[in-house]
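Worksheet: the structure to be examined is printed underneath.
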Amino acid sequence: MGQELVSVIMPTFNSGKFLSASIESILAQTYQNLELLITDDASTDSETLRLINEFAERDSRVKVERLAGNHGPGYARNQSIKRAQGRYIAFCDSDDRWMPEKLERQIKFMTEKGCALSCTSYIVCDANDQETGVVIAPARITLGMMKRDNKVGCLTAVYDTHLLGRKFYMPELRKRQDWALFLSILMQQQPAYALTEPLAYYRRRSNSVSSNKLSLIKYNVNVYQSILGFSKLKSYAYFFCLFMPTYYLKVLKRQCDSRAFLNAKLATLE
């Protein structure tokens, strides 16, 4: 039986500095039956447009659409999902990268588990590709766990449209759309499963919207209300009593995991 088509969703916006490495990591996958659907969110730099057009001319698997106005990454991702022809929908942002075997191992893993949503652990790096830590995903992720805090790294997520019966789109929220998407999927079919070995690289930048969780209170509350149907009071109670404690425990665990990961890497170099 041949490989099922995977549609890789990538939004771009003034992404020239890191874009080539991201696209090349997708096209270099050992799992070759994929399409890379790039939706440019009205970039204003010529470098981004030049690069995506060059890759599209070089490899027929790269398919580009450019939006007339800027709408945010969630909207751009949805435009790519609309064009997707694959059974599987995967996500990779334009400054992140995948290891070459990521898709092959993950699709095989999903087939064995019979799950509709999966993810992997990932390595964190800075703007200079210096590895600074690791995020280890829970092996099994339930809806209850996801209500407390997002456990799925978007750059590693893959969902199966056949098992779900349809495509799932990101809600039209300015922020936290990925968490809302995964909650919606788990509300239909759970659990999700993760390969706990890191198979991708997440680039952390100081201006990331995720760098300050308290600034996202209103967006979290919006997800609780619009996706889970919570009242405003219950939404705020969930945020302060469950989300924030869970988040800070996750930060502590991530620091411990990262310290062990970096020490182990250092030991191999000695």
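The values are calculated or read from the model by the stated rules, or taken from the named source; none is laboratory data. Given the structure is predicted, the values throughout are model-derived calculations rather than measurements. Positions of Cβ are backbone-derived with ideal geometry, glycine not excepted, and every protein chain shown enters the neighbour counts. For the accessible areas, the whole protein counts, side chains as well, though only heavy atoms, and no ligand, DNA or RNA atoms are used. Shrake-Rupley method; radii C 1.70, N 1.55, O 1.52, S 1.80 Å.
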antiparallel share of DSSP beta bridges within the chain, to nearest 5, in %, is 35 percent
Mean separation of Cα contacts under 8 Å (at least 6 apart) over the residue count of the chain, i.e. the relative contact order in percent, is 20 percent
Expressed to one decimal in nm², the mean projection of the alpha carbon convex hull of region 52-200 is 9.7 nm²
Here region 126-242 gives, from Cα atoms, an Rg and Dmax in Å of 15.0, 44
Rounded to the nearest 10 Å², the accessible area of Cys256 using a 1.4 Å probe with every protein chain kept is 80 Å²
Hull volume per residue for region 113-194, using the convex hull of the C-alpha atoms, in Å³ is 106 Å³
In nm², the average projected area of the convex hull spanned by the Cα atoms of region 108-155 is 4.3 nm²
Reduced to Cα centres, the span from region 221-270 to region 136-192 in Å works out to 15 Å
If the chain between Asn70 and Arg174 were fully extended at 0.36 nm per residue, the gain over the current Cα-Cα distance would be 36.3 nm
For the table Lys17/Lys218; Lys82/Lys102; Lys17/Lys265; Lys108/Lys265; Lys102/Lys151; Lys232/Lys253, the rows whose alpha-carbon distance is greater than 20 Å are Lys17/Lys218; Lys82/Lys102; Lys17/Lys265; Lys108/Lys265; Lys232/Lys253
Filtering the chain for DSSP H helices with an axial alpha carbon extent of at least 30 Å and a Kyte-Doolittle mean of at least -1.0 returns 244-269
dims of region 75-120, Cα set, principal axes, largest to smallest, nearest Å -> 32, 22, 14
Largest fluctuation, Ala28, Ala137, Ala84 only, Gaussian network model of the chain with Cα springs under 10 angstrom, belongs to Ala28
With no solvent term and unit scatterers on the alpha-carbon positions of region 1-70, Debye gives log₁₀ I(q)/I(0) at q = 0.15, 0.18 Å⁻¹ of -0.46, -0.64
Expected unfolding gain across Glu57-Asp129 under the 0.36 nm per residue rule, minus the alpha-carbon gap, is 23.2 nm
For the Lys250, Ser226 Cβ pair and Förster radius 25 Å, calculated FRET efficiency rounded to 0.05 is 0.60
Rounded to whole Å², per residue accessible area for the chain with a 1.4 Å probe reads 46 Å²
If each K or R counts +1 and each D or E counts -1, the residues other than Gly16 whose Cβ falls under 12 Å of its Cβ total -3
Reported to the nearest 10 Å², Glu112 has, with a 1.4 Å probe, an accessible area equal to 130 Å²
Carbon/sulfur accessible area of region 1-125, % of total, 1.4 Å probe, equals 49 percent
So for the chain, using the alpha carbon gyration tensor with a ≥ b ≥ c as root eigenvalues (a/c under 1.5 gives rounded; past that, a/b versus b/c decides prolate or oblate), I'd call it rounded
From DSSP H assignment alone, runs of 4+ in the chain each adding -39500 (n - 2.57), the sum over residues rounded to the nearest 500 puts [θ] at 222 nm at -13000 deg cm²/dmol
Rounded to whole Å, √(5λ) for the Cα gyration tensor eigenvalues of region 158-203, largest first, gives 19, 17, 10
Residue span Arg50 to Glu112: 0.36 nm per residue of separation minus Cα-Cα distance leaves a gain in nm of 18.3 nm
